[in-house]
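Each remark here refers to the structure printed beneath this line.
Please treat every number below as a calculation from the coordinates, not as lab data. Quantities reported herein were computed from a predicted structural model and do not represent experimental measurements. Cβ sites come from the backbone with ideal geometry, for glycine too, and all protein chains shown count toward neighbours.
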Amino acid sequence: MKKLLALLFSIFFLSSPSVFADDISDFSIGGISFGDSLLDYMSEDEILKEIELSISLDEYSYLNEPNKYIEVYLFEKDFPTYDVVSVFIKNNFTNQYLTSNNEKYTILSIWGTVHFIEDFNACIQKQNEVAEVLSNMFPTAKKDEYVRSHRADPSGDSILEAINFQLSTGGNIHTQCKDFEETFRIQQNMAEGLNVAIVSEEIGNWFAN
């Protein structure tokens, strides 16, 4: 049975850390697990529409290969723990050689977002609570903390503060607080707040490049 990595305002519903394996496949966000097929949650027509929308929004234009993977938002699903849940899959338009639908739509990363609009301090407080739980769950994981300008904002005035845990079996558990410069946030219709994410090594490398 998949373990639940869940954030519900000030309460974390987690099984005993001792029973968790150091493997991202043992976790889920909003009931969605790494390695699932997105077809379990959406029809293929819905997925293709989301791919087209994601490409048109060009949200990751600052990356070297912005359309190599696609972020799909599950707005039609009810996730009481998170304000938004999204997943990353390979871009079918650039992976036509794949013949299996399940292979095409394999979930490679899951992101749960809790909004903290213009309340960065509250976001950081919640992030620290999450990080403390994760530190106890993964005492041998490599912990990486950093603060930098968010690459989506060319002005350099938007901030990303991260506490990430690199698992020995590959992949990461990310916690990130985003604080966009307000004019930029409004113009770009960007949400800000806390992300809790299960990130495969493949997706992590894509973001790093």
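One chain, two ends: GLN125 and LEU53. Fully extended at 0.36 nm per residue, the span grows by 22.6 nm beyond their Cα-Cα distance. List the GluC sites (Glu not before Pro) in the stretch 105-158 that DSSP assigns to loop (not H, G, I, E or B) and whose Cβ has at most 16 other Cβ atoms within 10 Å. Which are they? Within the stretch 105-158, the qualifying GluC sites (Glu not before Pro) (loop, at most 16 other Cβ atoms within 10 Å) are GLU118.
A DSSP coil position with no more than 16 other Cβ atoms inside 10 Å describes the following trypsin sites (Lys or Arg not before Pro) in the stretch 145-209: ARG151.
The ranking of LEU134, LEU48, LEU74 from fewest to most other beta carbons within 10 Å of each one's beta carbon is LEU48, LEU74, LEU134.
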